[in-house]
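Each remark here refers to the structure printed beneath this line.
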Amino acid sequence: MILGVNIDHIATIRNARGEADPSLTAGAHICELSGADGITVHLREDRRHIKDKDLYLLKDILRLPLNLEMALNEDVLEHAIKSLPRMCTLVPEKREEITTEGGLEILSNVEKIKEYTGRLHEKGILVSLFIEADNSMLDVLNDIRPDFVEIHTGKYARNYYNEMERFYILKTFEKFTQNCIDIGIRVNAGHGLNYQNTSDIVKINGIEELNIGHAIIARAVFSGLGEAVREMKNIINSGRI
Ligand code: PXP
C-alpha cells in the first residue's frame, strides 16, 4: 500500500497571509524526501487551498505522481487537461463545506462522470471516483469504467472508537474492495485517516493507495514546531553579547 500526501493545508496556512510562506513546492519536496509515494492536491472551485499556478508549478517540479482532486467543473477540468497530472480524483464539492463531505453522487451524474472520464482518458490521465463503499453501485461503476475508486473513509474515521461500528465498516470496505477488483477497478482510500485509525485500513487486501492530508499537516505543526522555536532562539541568542 502506498501513501499519497494531500498538501492542501500547506496552502491553507500560506493563504492565511496571502504571501509565499510556507512554500507548497518545498512542502512537496519534503514529503518526497520523507517517503511519500505521491502528492495530492484539490483545486477547489473557490480556490481556497491551492491556486491555478500551484498546480502547474507542482506538475513542473514534482518527480512524484500528482493526483488532482476536482469537482465536476468545466474550468477545473480544463486545468486538469492542461497540467496533465497522473490521476484526477472526481469529488463532490459544496461551497459552504469545511472539507469534502460524503462521496460523489454517482447515480444523478452518470452522464457527466462518463463525459469527464472520457475527456481525461483521452489525455492519458487516470480517473478515480471518490465514493462511499456501496455495493449497489457496482453495475454503474462497471458502466462508467473509472481506473480507480477511492473509498471515502470519513464515516470509518468518525466511528473508529465504536468497536461494533468499526468492525462492520471494515468488513464493508473489504467486500467492496474485492468486488471492485473483480470487475477490474482498482481501489484507493482516504479521508479522516490519522495516526490511530490507519493501521486497520492497511490490513485490507487490495487497497493500493491511501490519501492522507489533515492528520499529517496537523502532526507536522507539532513535530516541527519545537525545532522551529529552537532555531529562532538560536538566532536571537547568537546576537547576545
Ligand atoms: N481523499 C479525498 C478525495 C479528499 O477530498 C480528501 C480531503 O481533501 C482526502 C482524501 C484527505 O482527507 P484528510 O485531509 O482528512 O486526510
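The values are calculated or read from the model by the stated rules, or taken from the named source; none is laboratory data. Not measured: the values here are computed from a predicted model. Ideal geometry is used to build each Cβ from the backbone, glycine not excepted, and the neighbour counts take in all protein chains shown.
Here Lys155 fulfils each of the conditions (1) touching a strand residue (DSSP E or B) at 6+ places or on another chain (Cβ under 7 Å); (2) surrounded by fewer than 19 Cβ atoms within 10 Å (Cβ to Cβ) apart from (1).
For Glu132, are the conditions met, namely being of a type in the set (D, E, K, R), without any contact (Cβ under 8 Å) to a residue 40 or more places away in the chain and touching a strand residue (DSSP E or B) at 6+ places or on another chain (Cβ under 6 Å)? So Glu132 fits the description; yes.
When we screen Phe167, Phe222, Phe130, Phe176 for residues that are away from the ligand (no atom under 11 Å from the Cβ), of a type outside the set (A, V, I, L, M) and buried (at least 19 other Cβ atoms within 10 Å of the Cβ), the only hit is Phe176. One residue stands out among those in the range 190-219 that are in contact with a Leu (Cβ under 7 Å, 6 or more places away or on another chain) and near the ligand (Cβ under 8 Å from one of its atoms): the one that is nearest to Ile13 (Cα to Cα), which is Ala215.
For (1) over 22 Å from Thr99 (Cα atoms); (2) in contact with a strand residue (DSSP E or B) (Cβ under 6 Å, 6 or more places away or on another chain), each residue gets a yes or a no:
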{"site": "Gly4", "(1), (2)": "no, yes"}
{"site": "Pro22", "(1), (2)": "no, no"}
{"site": "Glu32", "(1), (2)": "yes, no"}
{"site": "Gly35", "(1), (2)": "yes, no"}
{"site": "Glu45", "(1), (2)": "no, no"}
{"site": "Lys53", "(1), (2)": "no, no"}
{"site": "Tyr56", "(1), (2)": "yes, no"}
{"site": "Leu64", "(1), (2)": "yes, yes"}
{"site": "Asn73", "(1), (2)": "no, no"}
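If you check Gly124, Gly118 for being away from the ligand (no atom under 16 Å from the Cβ), modelled with pLDDT of 95 or more and in contact with a Leu (Cβ under 9 Å, 6 or more places away or on another chain), only one passes: Gly124. The set of residues in the range 32-63 being at negative phi, free of Cβ contacts under 8 Å to residues at least 40 places away in the same chain and within 16 Å of the ligand (Cβ to nearest atom) consists of Ala36, Ile39, Val41, Leu43, Arg48, Leu55, Leu58.
Among what's in the range 142-155 and is within 20 Å of Gly102 (Cβ to Cβ) and out of contact with any helix residue (DSSP H, G or I) (no Cβ under 7 Å at 6 or more places or on another chain), pick the residue that is farthest from the ligand (Cβ to nearest atom). Top of the filtered list is Phe148.
For the range 103-110, the count of residues that are within 14 Å of the ligand (Cβ to nearest atom), touching a residue at least 40 places away in the same chain (Cβ under 8 Å) and part of a loop (DSSP other than H, G, I, E, B) is at least one. Residues that are basic (Lys, Arg), in a loop (DSSP other than H, G, I, E, B) and within 15 Å of the chain's Cα centre (by Cα) do not occur anywhere in the range 117-132.
If the condition is being touching a residue at least 60 places away in the same chain (Cβ under 8 Å) and surrounded by 18 or more Cβ atoms within 10 Å (Cβ to Cβ), then the range 194-218 contributes Ile207, Glu209, Leu210, Asn211, Ile212, Gly213, Ile216, Ile217. So which pairs qualify, if the first residue must be in the range 150-172 and over 19 Å from Leu104 (Cα atoms), the second must be of a type in the set (Lys, Arg) and surrounded by fewer than 17 Cβ atoms within 10 Å (Cβ to Cβ), the Cβ gap must be under 8 Å, and the two must be at least 6 apart or on different chains? Matching pairs, first to second residue: Asn159/Arg166; Tyr160/Arg166.
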